[in-house]
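*Asks:* Got a structure for you, questions after.
The values are calculated or read from the model by the stated rules, or taken from the named source; none is laboratory data. Only a predicted model underlies this, so the values are computations on that prediction, with no experimental measurement involved. Note: ideal-geometry Cβ built from the backbone for every residue, glycine included; neighbour counts use all protein chains shown.
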Amino acid sequence: MKRTVVAVLVVILGLSSCRKAPPKTVVLDGWWSRDYARGACAQANAWWKENRELVSQVGCAAVTSCSDMMPRLQGCIGDPAAEVGEFEAQFASAFATDASCKGIWFCQPGLAPFDHLIWPHLSY
């Protein structure tokens, strides 16, 4: 009898301590992404302003950072914030239509469900 009571207590305590795991969540922080893109483009444009004449004179291959900076500079032809927004829209669409993402929450700060869905589940 004692063993049965102990076993029942162990099961009850074990079950009462079980909690449902919070859902897996993907947070796409567009504010940070836009700021980062603007900063990266400002840096690339400043580099170009400083090195434009040298690149014209000796060519890109002869300027140390040119091979790294030119693709960045070319990526900044348009508005970086608009490019980030376009990427986010494509990502959200792909996420919503991909069956393997079922059961995963996708949230973006500034959109209605974000605060309600995410903040109670955050842990530091």
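*Asks:* Give the residues of the stretch 36-68 that are among the small types (Gly, Ala, Ser) and in a helix (DSSP H, G or I), sorted by residue number. Spell out how you get there, then give the answer.
*Replies:* Initially, the stretch 36-68 is screened for residues among the small types (Gly, Ala, Ser), giving 37, 39-40, 42, 44, 46, 56, 59, 61-62, 65, 67.
Hits for the stretch 36-68 are 37, 39, 40, 42, 44, 46, 56, 61, 62, 67.
*Asks:* Sticking with this structure for a sec: Mind counting the residues in the stretch 35-54 that are over 30 Å from residue 107 (Cα atoms) and in contact (Cβ under 8 Å) with a residue 12 or more places away in the chain?
*Replies:* 5
*Asks:* Moving on to the next point. Report, ordered by the first and then the second residue, all pairs with beta carbons closer than 8 Å, sequence separation of six or more or different chains, a first member in the stretch 58-87 that is touching a residue at least 12 places away in the same chain (Cβ under 8 Å), and a second member that is aromatic (Phe, Trp, Tyr) and surrounded by 14 or more Cβ atoms within 10 Å (Cβ to Cβ).
*Replies:* Listed by first residue and then by second, the contacts come to 65/47; 69/47; 69/48; 73/47; 73/48.
*Asks:* I would also like to ask the following. Check whether at least one residue in the stretch 37-48 is more than 18 Å from the chain's Cα centre (by Cα), exposed (fewer than 13 other Cβ atoms within 10 Å of the Cβ) and at pLDDT 90 or above, and report yes or no.
*Replies:* yes
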